[in-house]
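Below you'll find the structure, written out as structure tokens, and then a few comments.
The values are calculated or read from the model by the stated rules, or taken from the named source; none is laboratory data. Note that the structure is predicted; figures quoted are calculated from it, not measured. With ideal geometry, Cβ positions are generated from the backbone for all residues, glycine too; neighbour counts draw on all protein chains shown. Quick note on the areas: whole protein, heavy atoms, side chains included, nothing else; ligands and nucleic acids left out. Shrake-Rupley method; radii C 1.70, N 1.55, O 1.52, S 1.80 Å.
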Amino acid sequence: MQKSWKKWSALCAAVMLTSSLAACGGGGDNASQGTDGSKSASTDGASKDTKASGDVPTLVWWTIGGQIPDNFDKAVAAMNEYTAEKIGVKIDLKVASWADWDTKINTIVNTGEPFDIMFTNSGKYNQQVSMGAFADLTDMVQNETPDLYKLIPETVWDGAKIGGKIYSVPTYKDSSLTQYWVFNDEYVQKYKIDLNSIKKLADLDKPFRDMKAGEGKSFYPLGLTQSDGFNGLFNGYDDLTLGLSPIGVKIDDQSRKVVFTLNQPDMMADLKQLHQWYKDGIINPDAPTRGEAEKARPFFSAQAFPGAEANYQINEGVAKYDMQQVFGPLYTTSTIQGSLNAISANSKYKAEALKYLQLVNTDAKLRNMLAFGELGVDYKSVDGEKVIERTSDTWPLAAYTQGTFFNLAVTKGAPEDQWEQVRKLNEQATPSSTLGFALDISNLTTEVANTKAVWDKYRSELVTGASDPEVVVPKIESEMKAAGLDAIMQAAQEQIAAYFK
């Protein structure tokens with residue numbers, strides 16, 4: 001791949017001007033649950049054949065979400081009634097919890113368990129493609145679903161390519177990353193927190209300690225989970241689509257030097273701060289093993305967009321959240337690959353799966369049902385399919401994983417021009433120094449798998465503050481070197497030099 005940064009910047013400018021989308025979301029057991037911990041609208045397996053489903057194929061779609069509500073099957077049945085009539089396709093939605101998603105999706109890909117559609121992202125996509133898990137959609141998406149192909153800008157398609165080929169349908173939304181720190185206004189007022197003075201991680205120390213002192217021993221100002229840790233901790237480094245946070249290039253480093261991020265001074269300072277908070281009871285002691293976050297959190301960090309607090313308030317049961325933008329907007333190749341839906345290379349229904357994803361991205365009614373749940377139970381219409389009011393906080397699916405936000409309703413309470421504001425964020429986005437580059441790992445599959453295994457062993461304790469970074473980071477680096485770290489970094493540096501020459 002020999003594109004120059006200048007050409008990529010021009011392409012990105014096109015996205016900035018045409019994108020009016022957004023979103024990122026964050027993150028069960030009382031509905032149908034299999035022995036593998038998954039939740040599903042039905043229980044009879046993957047890629048149902050036409051005989052078993054009345055000549056209407058039912059596609060298995062693996063996604064990520066929270067606890068399954070009692071009305072989940074009913075809500076999915078309403079979607080299936082609608083899509084069976086529209087395009088002759090139904091879905092069996094399988095939901096891996098936030099805590100189990102990494103393990104479950106790895107197991108599915110590694111064992112060849114049947115599925116039709118799978119949500120993925122930059123942390124997994126490159127490696128999954130190299131393993132042959134996903135179908136090559138390059139020609140099919142244009143021939144079978146021309147409306148879908150036209151909807152998503154060429155730049156976004158390009159950003160989702162691996163080796164020049166399309167292996168997924170990218171979610172056309174905010175292509176850039178903007179990080180927000182979100183505070184429960186109750187504590188902002190009670191402890192007189194000056195949000196404008198909080199610019200970096202260390203600035204959170206005083207408000208956290210004020211809250212801890214005032215609310216008592218069992219109160220944790222910074223509630224973390226094993227899957228997320230402190231969200232946005234590695235924003236300062238472009239991971240080159242590798243999905244391996246300890247390897248990256250500083251986003252503003254024009255020399256594009258590949259580094260081991262964990263021992264960089266800025267990262268080490270933040271890791272030490274987290275560890276101090278963990279020792280002092282600012283962070284919940286079960287953070288390294290906790291699967292789901294507590295509700296009504298006093299503070300959390302999230303990749304977000306203007307107006308996102310309207311949904312956070314409903315999800316968390318909080319009267320008012322204050323959002324403070326602290327990072328971005330930033331463009332990297334990984335932000336474009338932040339939300340993707342791929343089709344199994346072994347699916348019997350590749351064309352049908354693409355047509356279903358096309359409907360998700362072009363039909364407002366289906367889009368809202370997927371994002372908000374059962375009409376009349378989880379949400380009600382305020383202005384047709386354009387504005388809705390959420391009436392429950394139990395719908396588990398993350399809207400950012402599903403499809404474009406271009407045809408998604410605005411939630412009552414959010415700005416009416418919400419998506420226009422997001423478009424402006426994209427217009428203002430700064431490009432990473434390695435924007436456009438995606439590391440080719442086809443000759444590094446063993447090294448990548450082995451180094452990821454090392455990172456997975458230590459990650460949750462490090463990013464939740466439970467481990468002392470001065471002790472653990474050298475161990476991680478040593479074990480990663482034994483697993484192939486140096487080979488990956490050398491290949492990355494050589495590929496970057498060739499790409500940007």
| message | Taking R0 as 45 Å, what FRET efficiency do you get between E113 and D417 from their Cβ-Cβ distance, rounded to the nearest 0.05? | response | 0.55
| note | Once A498 and V387 are pulled to full extension, the length gained, defined as 0.36 nm per residue separation minus their Cα-Cα distance, is 35.1 nm
| If eta is 0.890 mPa s and T is 25 °C, what Stokes-Einstein diffusion coefficient results for region 251-394, Kirkwood Rh from Cα pairs, in µm²/s? | 123
| Remind me, relative contact order of region 396-501 in percent, using alpha carbon pairs under 8 angstrom and six or more residues apart? | 28
| said: Using a 7 Å offset from Cα along Cα-Cβ at K206, what residues in region 285-304 end up with backbone N under 20 Å from the label point? | reply: 299-300
| query | What does the convex hull of the Cα atoms of region 377-448 come to per residue, in Å³, rounded to a whole number? | reply | 163
| message | Charges at C-beta only: +1 for Lys and Arg, -1 for Asp and Glu. How large is the resulting dipole of the chain about its Cα centre, in Debye rounded to 20? | response | 680
| What translational D, rounded to a whole number of µm²/s, comes out for region 362-418 from Stokes-Einstein when the hydrodynamic radius is the Kirkwood one over Cα pairs, at 25 °C and 0.890 mPa s? | 218
| task | At 1.4 Å probe size, with every protein chain present, just tell me what the per residue accessible area of region 180-285 comes to in Å². | result | 43
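On the protein heavy atoms, probe 1.4 angstrom, tell me the percent of accessible surface of the chain carried by carbon and sulfur.
Details: 9690 of 20110 Å².
Looking at the chain in its full context, I get 48 percent from C and S.
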| task | Evaluate the relative contact order of region 94-227 (contact order divided by residue number), counting alpha-carbon pairs under 8 angstrom at least 6 apart; express in whole percent. | result | 17
| field | Largest-first ellipsoid semi-axes for the chain, taking √(5λ) over the Cα gyration tensor eigenvalues, angstrom | value | 33, 29, 23
| Rounded to two decimals, what ratio of Rg to Rh does region 398-498 give with C-alpha atoms and a Kirkwood Rh? | 1.13
| request: Between the alpha-carbon centers of region 396-415 and region 71-98, tell me the distance in whole angstrom. | output: 17
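Looking at region 309-408, I'd like the Rg to Rh ratio, where Rg is from alpha-carbon atoms and Rh is Kirkwood's inverse mean 1/r.
Numbers: Rg = 16.1 Å, Rh = 15.8 Å.
Expressed as Rg/Rh, it is 1.02.
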| Linear extension gain, A345 paired with A77, 0.36 nm per residue minus alpha-carbon span | 93.8 nm
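Which whole-number percent is the relative contact order of region 230-362 (Cα, under 8 Å, 6+ apart)? Let's see the in-between values first.
Details: 79 pairs, mean separation 25.8, N = 133.
Once normalised by length, the contact order is 19 percent.
Determine, for each peptide in 412-420, 174-182, the mean count of other beta carbons within 10 angstrom over its residues, then list the peptides with the highest first.
Values: 412-420: 16.1, 174-182: 25.1.
The peptides rank, most packed first, as 174-182, 412-420.
Once you list every other residue whose beta carbon is under 12 Å from the beta carbon of M118, what net charge do they have if Lys and Arg are +1 and Asp and Glu are -1? Can you show the working numbers first?
Working: positive: K94, K104, K124; negative: E113, D116.
Residues near M118 contribute +1 overall.
How many percent of DSSP beta bridges within the chain run antiparallel, rounded to 5? Mind dumping the intermediate values first?
Numbers: 35 of 52 bridges.
Bridges in the chain that DSSP calls antiparallel: roughly 65 percent.
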| task | Provide the net charge surrounding A213, with neighbours chosen by a C-beta distance below 13 Å and charges set as Lys +1, Arg +1, Asp -1, Glu -1. | result | +1
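Tally Lys and Arg at +1 and Asp and Glu at -1 over the other residues with C-beta under 9 Å from the C-beta of S245: what net charge comes out?
Working: positive: R459; negative: D239.
Charge balance in the 9 Å sphere: 0.
With a 1.4 Å probe and all protein chains left in place, how much accessible area per residue does region 413-482 have, in Å²? Write out the running numbers ahead of the final one.
Working: 3100 Å² over 70 residues.
For region 413-482, the per-residue accessible area is 44 Å².
Which number comes out as Rg/Rh for region 120-242 once both Rg and the Kirkwood Rh are worked out on C-alpha atoms?
Numbers: Rg = 21.2 Å, Rh = 18.4 Å.
Result: Rg/Rh = 1.15.
Using 0.36 nm per residue, how much length does the chain from D194 to A269 gain when fully extended, once their Cα-Cα distance is taken away?
Values: separation 75, 0.36 × 75 = 27.00 nm, distance 2.29 nm.
So the extension gain works out to 24.7 nm.
Which FRET efficiency value, to the nearest 0.05, do you get for K165 and A319 by plugging their Cβ-Cβ distance into 1/(1 + (r/R0)^6) with R0 = 41 Å? Intermediate values should be presented prior to the final figure.
Numbers: r = 49 Å, r/R0 = 1.18.
Computed FRET efficiency for K165 and A319 comes out at 0.25.
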